[in-house]
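Visitor: The structure is given below, and queries will be raised subsequently.
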Amino acid sequence: MPRGPLKYFFRLTGLLAAYVLTARLGLLMDAVGGFASLVWPPSGIALAALLIGGYRLWPAIALGAFVVNAWVGAPLGVALGIAVGNTLEACLGAYLLQRVAHFENGLDRLRDVFALVLTAFLTAVVGATIGVTSLRLGQVVSWSGYGSTWKAWWVGDALGELIVASLLLTYFSRFSVPLKRTRVLMETGVLLVLLVFLTLVIFGKIVPMDWQALPHQSYLLFPVLIWAAVRFGPRGATLGIFVASVIAVAGTTLGFGPFARPVLSESLLILQTFMCIVAITMLILGASISERKRAVKARDEFLAIASHELRTPVGALLLQVQALLRHIKKEGAPNLTRVRTGLESADRQGQRLARLVNDLLDFSSVSTSQAKLEISEVDLGALVRESVAQFQDHQLTESPGVTVRVDQPGNGFWDRHRLERVVDNLLSNALKYGRGKPISVVVGGDSTRALLTVSDRGIGIAEENHSRIFSRFERAVSGRNYGGFGLGLWIAREIVIAHGGSIRVESQLGQGAIFTVELPRARAGNAHPLENNQLPG
Ligand code: ADP
C-alpha cells in the first residue's frame, strides 16, 4: 500500500481510539441524562486533530462519537445525531480558528487565546444543541431535563476544547522560546512535583485538612500555575492546567476537595467553572509572556541587523569616494571612465542606504501612527511607470528588464507618496529576490477597484511563509545571502490596509512570486487610520 493512504489510515485509527477511550472515561463521570458529561476530552482531541492534521480526519470523529454513544445504549438514530453534532462542532471550530481568526497553533499570541476561548464556547453550543435535541427526539431525556443536560454538555465540550486542545496544540507546534535544556528539565520537574502535590492536597485527601478553616484553598493553585506560565509560556500554562485538571476531576469524582457535593454532576459543574477561569487566566498569561519575549528578541535582532545593514553601504560608499578622491588628487587629468564607474557605484550604495533609511522612517511613522493619509486623485499607471523608470535609472546596466502593462486606466483617490513606497518596496523585492530574471508589473482592475501585480521569476517563497512575511521583521531568507530589515512588506501592507485595500502573495519556492495589491478607487470612506494595531506580529 502506498505511504500516504497508510499514514492516513493510522491517523484515523489513532484518533478514533483516543476519541472512544476518552469519551468512555468522560461518560463514566455521572453524565447528566446519561450522555452529557461535564468532563469531555474528546471535543479537545477532535479540534486539535483537525487543526493539526486537517479536515480530512473528520470520519474518525464521526465514527468515534457514533460508536461510543451507541455503546453506552443510545438508540442508533440518536447516536447518529450526536455524531453529526460533534463532528460539526469540531469542523466549525477548525474553520473559525483557521479562516476567520488566522489562528496559530502555538497559542503564543493573545489573539489566539481569545480566539480559542470564543470558539470553544461558541462551537460547544452547536454540539450541545444537536446532541441534546437528538436525545430529546429519541425520548432519552425529557423536556424538563433538556436545560440541565444542555448546560452540562456545553460546559464539558467547551472545557475539553480549552484544556485538552490547547495542550495538544502547544505541544505539536514549534517551540518558540528556546531555553537551556538541563535547567528546563530540572525546573519542569520541580514545578510538576509541586503542582501535583498541591493539587493532591486540595483535591485528594493526602493530608488531613480542615476544609472549613481554609475555604478558598483552591486558589493555592494559582502561584504554581502562574510560575509555569511565566517561565514556560503557553506550553507551561497548558501542561499545568491539564495536570491540575486531571487530578481535580479525579479527586472531586471520589468525593474529595472543596467542590465535592452530594451529587457528582453538581460537584463537577462547580469544579469545571473554576477550571475554566483558571484555564483562561493562565492561557492569557502564557501568551502575554510569549509576546513579550518575542518583542524583546525582535528588538535585539532588529538593532543588530539595522547596525549591520547600515554599516555595509556606508562603508562601501566611503571607500568608493575616498578612492575617487585619491585618483583625482594623484592624476593631473583624471580618467573620466574611471570617475564615472566610481560615481555610479557610489550612487548605487547611496540608493541602497536611502532605501534602508526610508524603511526606518516609514517604520517609525507607521508604528507610532503619526502619519495621516494625504488623499488626492492619483493615476496608478503613471505612478508605476515613473517608479519603474527611476528604478531602472539607478539600477544601471545590470538590471533585468521590467515590463509595465496598464490594462485599465488606474485613477483613484489615494495617498500618492505612500503608494510610491508600496510600489518601490514590491519592485525592489522583485529585483533583489528575482535572480536577475525579467519582472512584470501590471495595473488592472475594474471601475471600483484597482489591481497592481508585481511578478518575478526568482527564488520564490515557501507556502508556510506566505502570511508571516507581511509581519514586522519577518524574513524568509538568510541574512547572509540577502540584506534587509524585513520591513518592506509590512510597511506596504500597513499602507494598503490604511487605504481600505489588501495585499497577497502567490508563490512557491524556486518558482518566482506574484504580489497583488487591491485598492478601492473611491475616496476611502472606510479607510483605516495608518497605524499598526490591526496587524499581527
Ligand atoms: P526584506 O526584503 O528587507 O527582507 P520585506 O518585508 O520586503 O523585507 O520582505 C520580507 C521577506 O519576504 C523577505 O525577507 C523575503 O524572504 C520575502 N520576499 C519578499 N519579496 C519576495 C520576492 N519577490 N521573492 C521572494 N521572496 C520575497
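Visitor: Look at Ile469 and say whether it is open to solvent by 30 Å² or more (accessible area, probe 1.4 Å), at pLDDT 90 or above and within 9 Å of the ligand (Cβ to nearest atom).
Guide: Details: open to solvent by 30 Å² or more (accessible area, probe 1.4 Å): no; at pLDDT 90 or above: yes; within 9 Å of the ligand (Cβ to nearest atom): yes.
Considered against the rule, which asks whether it is open to solvent by 30 Å² or more (accessible area, probe 1.4 Å), at pLDDT 90 or above and within 9 Å of the ligand (Cβ to nearest atom), Ile469 comes out as no.
Visitor: Do we find that Val125 is modelled with pLDDT under 95, among the β-branched types (Val, Ile, Thr) and surrounded by fewer than 23 Cβ atoms within 10 Å (Cβ to Cβ) in this structure?
Guide: Working: modelled with pLDDT under 95: no; among the β-branched types (Val, Ile, Thr): yes; surrounded by fewer than 23 Cβ atoms within 10 Å (Cβ to Cβ): yes.
For Val125, the condition - modelled with pLDDT under 95, among the β-branched types (Val, Ile, Thr) and surrounded by fewer than 23 Cβ atoms within 10 Å (Cβ to Cβ) - is not met.
Visitor: Gln349: touching a Leu at 6+ places or on another chain (Cβ under 7 Å) and modelled with pLDDT of 80 or more, yes or no?
Guide: Details: touching a Leu at 6+ places or on another chain (Cβ under 7 Å): yes; modelled with pLDDT of 80 or more: yes.
Considered against the rule, which asks whether it is touching a Leu at 6+ places or on another chain (Cβ under 7 Å) and modelled with pLDDT of 80 or more, Gln349 comes out as yes.
Visitor: Which condition number does Ser245 fail, the rest of (1) closer than 21 Å to Ala36 by Cα; (2) open to solvent by less than 20 Å² (accessible area, probe 1.4 Å); (3) at pLDDT below 90 being met?
Guide: Of (1) closer than 21 Å to Ala36 by Cα; (2) open to solvent by less than 20 Å² (accessible area, probe 1.4 Å); (3) at pLDDT below 90, only one is false for Ser245: (3).
Visitor: What about Ser428, is it of a type in the set (Gly, Ala, Ser) and either open to solvent by less than 10 Å² (accessible area, probe 1.4 Å) or within 12 Å of the ligand (Cβ to nearest atom) (or both)? Even if it seems obvious, please write down each step before you answer.
Guide: Numbers: of a type in the set (Gly, Ala, Ser): yes; either open to solvent by less than 10 Å² (accessible area, probe 1.4 Å) or within 12 Å of the ligand (Cβ to nearest atom) (or both): yes.
Yes; evaluated as a whole, the condition is true for this residue.
Visitor: If you don't mind, another one. How many residues are modelled with pLDDT under 90, away from the ligand (no atom under 15 Å from the Cβ) and surrounded by fewer than 18 Cβ atoms within 10 Å (Cβ to Cβ) when one looks only at segment 496-537?
Guide: Going through segment 496-537 one residue at a time, the tally reaches 9.
Visitor: What residue, among those in segment 136-162 that are under 19 Å from Val117 (Cα atoms), open to solvent by less than 60 Å² (accessible area, probe 1.4 Å) and of a type in the set (D, E, K, R), is nearest to the chain's Cα centre (by Cα)?
Guide: Ranking the qualifying residues of segment 136-162, first place goes to Glu161.
Visitor: Based on what the data block shows, is Ala304 within 30 Å of Leu118 (Cβ to Cβ) and either of a type in the set (A, V, I, L, M) or over 22 Å from the mean Cα position of the chain (by Cα) (or both)? Let's see the steps before the verdict.
Guide: Details: within 30 Å of Leu118 (Cβ to Cβ): no; either of a type in the set (A, V, I, L, M) or over 22 Å from the mean Cα position of the chain (by Cα) (or both): yes.
It is false that Ala304 is within 30 Å of Leu118 (Cβ to Cβ) and either of a type in the set (A, V, I, L, M) or over 22 Å from the mean Cα position of the chain (by Cα) (or both).
Visitor: Whether any residue in segment 9-26 is outside any helix (DSSP H, G or I) and open to solvent by 20 Å² or more (accessible area, probe 1.4 Å) is what I want to check. So that I can check it myself, show each step before the final result.
Guide: Residues of segment 9-26 outside any helix (DSSP H, G or I): none.
So far as segment 9-26 goes, no, none of its residues is outside any helix (DSSP H, G or I) and open to solvent by 20 Å² or more (accessible area, probe 1.4 Å).
Visitor: Among the residues of segment 207-223, is there at least one that is modelled with pLDDT of 90 or more and either in the same structural domain as Leu118 (by TED's automatic domain parsing) or not aromatic (Phe, Trp, Tyr) (or both)? Break it down into steps so the answer makes sense when it comes.
Guide: Residues of segment 207-223 modelled with pLDDT of 90 or more: 221-223.
Still in the running and either in the same structural domain as Leu118 (by TED's automatic domain parsing) or not aromatic (Phe, Trp, Tyr) (or both): 221, 223.
There is at least one residue in segment 207-223 that is modelled with pLDDT of 90 or more and either in the same structural domain as Leu118 (by TED's automatic domain parsing) or not aromatic (Phe, Trp, Tyr) (or both).
Visitor: Filter the strands (runs of 3 or more DSSP E) completely within segment 416-509 down to those with at least 3 residues that are under 20 Å from the mean Cα position of the chain (by Cα). Lay out the reasoning, then the answer.
Guide: On the way: elements: 439-445, 449-456, 502-507.
Ranges flagged: 502-507.
Visitor: Exactly one condition in (1) open to solvent by less than 40 Å² (accessible area, probe 1.4 Å); (2) in a helix (DSSP H, G or I) is false for Leu239; which is it?
Guide: (1)
Visitor: I've got another one for you. Run Leu489 past the list (1) more than 8 Å from the ligand (Cβ to nearest atom); (2) closer than 27 Å to Arg311 by Cβ; (3) at pLDDT 90 or above and report the number of the one that doesn't hold.
Guide: Status for Leu489: all satisfied but (1).
Visitor: Let me ask something additional. Restricting the search to segment 320-356, which residues are polar (S, T, N, Q) and open to solvent by less than 30 Å² (accessible area, probe 1.4 Å)?
Guide: Pass one, segment 320-356, residues polar (S, T, N, Q): 320, 322, 335, 337, 341, 345, 349, 351.
Selection gives Ser345 alone.
Visitor: Continuing with this model, one more query. Condition first: of a type outside the set (Gly, Ala, Ser) and touching a Gly at 6+ places or on another chain (Cβ under 9 Å). Now tell me which residues in segment 227-258 satisfy that.
Guide: Correct list: Trp227, Val230, Phe232, Pro234, Arg235, Thr238, Ile247, Leu254, Phe256.
Visitor: Which residues, taken from segment 431-455, are near the ligand (Cβ under 9 Å from one of its atoms), in contact with a Pro (Cβ under 8 Å, 6 or more places away or on another chain) and either open to solvent by 10 Å² or more (accessible area, probe 1.4 Å) or aromatic (Phe, Trp, Tyr) (or both)?
Guide: Leu431
The values are calculated or read from the model by the stated rules, or taken from the named source; none is laboratory data. None of the values given here were measured: they were computed from a predicted structure. Using ideal geometry, Cβ is built from the backbone for each residue, glycine included, and neighbour counts are taken over all protein chains shown. SASA here: full protein model, heavy atoms, side chains in, ligands and nucleic acids out. Shrake-Rupley method; radii C 1.70, N 1.55, O 1.52, S 1.80 Å.
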